[in-house]
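These notes are about the structure you will find just below.
The values are calculated or read from the model by the stated rules, or taken from the named source; none is laboratory data. These figures come from a predicted structure and were not determined experimentally. For neighbour counting, all protein chains shown are included, and Cβ atoms are generated from backbone atoms with ideal geometry for every residue, glycine included.
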Amino acid sequence: ETGVTQTPRHLVMGMTNKKSLKCEQHLGHNAMYWYKQSAKKPLELMFVYNFKEQTENNSVPSRFSPECPNSSHLFLHLHTLQPEDSALYLCASSQDSRAGMGGDEQFFGPGTRLTVL
Amino acid sequence: QKEVEQNSGPLSVPEGAIASLNCTYSDRGSQSFFWYRQYSGKSPELIMFIYSNGDKEDGRFTAQLNKASQYVSLLIRDSQPSDSATYLCAVKRAGGFKTIFGAGTRLFVKA
C-alpha cells in the first residue's frame, strides 16, 4: 500500500447521475492530483492541488468538479457524464509538486474504475 | 511530436537477461524524471526517479539520464517473470506542477 486510498474502487453510473470520488493520503504530502487513464492512452493529468490551491486544470470539462478541503483529502464530483468518460481515475500525492531536486515523486492510489452507461 | 515517447512494445526478454527500456522527451526544460511500473489492472508504482545526468542505481534497477540527448532509460538486471508489466516514463519541468507521462512500454519476461 502506498498510503493513498481511494473510494469507491468501482462505480457504475448513468449519464444523469451525480456521484463523487474520494481520495485520502496518509503521507503528510502537500500536493494531490487527479489523473484519468483510458485504455490504450497515456495517463492524462486532470487537476493538481498544492497546499489546497488548484494549480493545474488541464482543460477538463466542467462535468468534472474537483474539491480539496485540506491537504489530505481530494474529491472529484461527477455529473452528467458521457460514456467516453468511462476510465480508471487515479489519485496521487507528492510531498511538493514543484521541487526539482526531490519530493515531487508521486504516489498513486489504487484507482476508481468508472463505467458510465 | 509527443512530449514523452516510449516504444509500446511488447519487449520480450528471457529470465535473467537485462531489459532496457527507453524514453525520449521534447521539453528541454524538464528537470525531474520518473519510472513507474504498472501491472495489469493496478495503479502505477514508483520505481526510480532521477534528476542529474548519469546513472542512478537501486538494486536491480538503473536509471540513466542524458539531458543533452533528451533521453532517459531504465535497465533491469536479472529480469524476473514478476517484472512483466508496463513501464511508464514520466517527465516534469522544475517548478511546474504538470507531470507528462509516456504511453508506456510493455515488458514480458519469459521464464
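Taking the range A:38-76 as the range and being polar (S, T, N, Q), in a strand (DSSP E or B) and at pLDDT below 95 as the test, the residues that pass are A:Asn50, A:Gln54, A:Thr55, A:Asn57, A:Asn70.
For A:Arg63, are the conditions met, namely being facing chain B (nearest Cβ under 10 Å) and farther than 18 Å from B:Cys89 by Cα? No. Has the range A:13-32 got any residue that is facing chain B (nearest Cβ under 10 Å) and among the hydroxyl-bearing types (Ser, Thr, Tyr)? No, every residue in the range A:13-32 fails to be facing chain B (nearest Cβ under 10 Å) and among the hydroxyl-bearing types (Ser, Thr, Tyr). Checking each residue in the range B:4-46 for being more than 13 Å from the chain's Cα centre (by Cα), facing chain A (nearest Cβ under 10 Å) and outside any loop (DSSP other than H, G, I, E, B) picks out B:Ser30, B:Gln31.
Restricting the range A:1-12 to residues that are in a strand (DSSP E or B) and facing another protein chain (nearest Cβ under 10 Å) leaves a set whose member that is farthest from the chain's Cα centre (by Cα) is A:Val4.
The set of residues in the range A:77-109 being within 14 Å of chain B (Cβ to nearest Cβ), buried (at least 18 other Cβ atoms within 10 Å of the Cβ) and assigned to a loop (DSSP other than H, G, I, E, B) consists of A:Ser97, A:Arg98, A:Ala99, A:Asp104, A:Glu105, A:Gln106, A:Gly109. Per the conditions (1) surrounded by 20 or more Cβ atoms within 10 Å (Cβ to Cβ); (2) at pLDDT 95 or above, the sole criterion not satisfied by A:Thr5 is (1). Number of residues in the range A:52-66 that are exposed (fewer than 13 other Cβ atoms within 10 Å of the Cβ) and among the charged types (D, E, K, R) equals 1. Across the range B:86-111, the qualifying residues are those that are among the aromatic types (Phe, Trp, Tyr) and within 14 Å of chain A (Cβ to nearest Cβ), and the one among them that is surrounded by the most Cβ atoms within 10 Å (Cβ to Cβ) is B:Tyr87. For the range B:47-85, filtered to residues that are at pLDDT below 95 and in contact with an Asp or Glu (Cβ under 7 Å, 6 or more places away or on another chain), the residue that is farthest from the other protein chains (Cβ to nearest Cβ) is B:Met48. Of everything in the range B:68-85 that is under 20 Å from B:Asp55 (Cα atoms) and surrounded by 21 or more Cβ atoms within 10 Å (Cβ to Cβ), the residue that is farthest from the chain's Cα centre (by Cα) is B:Ser79.
Within 19 Å of B:Val13 (Cα to Cα) and surrounded by fewer than 20 Cβ atoms within 10 Å (Cβ to Cβ): is that true of B:Arg60 in this structure? The answer is yes for B:Arg60. Taking the conditions (1) more than 12 Å from chain B (Cβ to nearest Cβ); (2) out of contact with any Asp or Glu (no Cβ under 7 Å at 6 or more places or on another chain) in turn, A:Ser72 satisfies each one other than (2). Scanning the range B:10-19 for residues that are surrounded by 15 or more Cβ atoms within 10 Å (Cβ to Cβ) and among the small types (Gly, Ala, Ser) returns a single hit, B:Ala19.
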